[in-house]
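Each value in this text was obtained by applying a stated rule to the coordinates, not by laboratory testing. Everything numeric here is computed off the predicted structure, so don't read it as measured data.
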Amino acid sequence: MTRVCRACDEPIKDEDGVIVAHELGNSGPGWDIWAHRDHADDVELIDPVVLRIMCRIWAAQAAAQ
Ligand SMILES: [Zn+2]
């Protein structure tokens, strides 16, 4: 499955992508909204809860390097 950036509509490689929101489906679990890490700030629907989670992940990655 190819992820597409919500901000620029370009495909996203795994290491460049962040989840900016989660949309609920009418049936099933719904789907995640992705954006390039550099473009996450441009996505208006960014979810503060998701952002907080991603910031925690980034901090953990930075600490591990
Ligand atoms: Zn993008």
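Over the residues of the chain, the helix contribution to mean residue ellipticity at 222 nm works out to -9000 deg cm²/dmol, using -39500 (n - 2.57) for each DSSP H run of at least 4. In terms of its Cα atoms, the chain spans 39, 23, 23 Å along the principal axes, sorted from long to short. Enter the angle in degrees (range 0 to 90, nearest 10) between the Cα long axis of helix 48-64 and the first principal axis of the Cα atoms of the chain, meaning the one along which they spread out most. Around 30 degrees separate the two axes.
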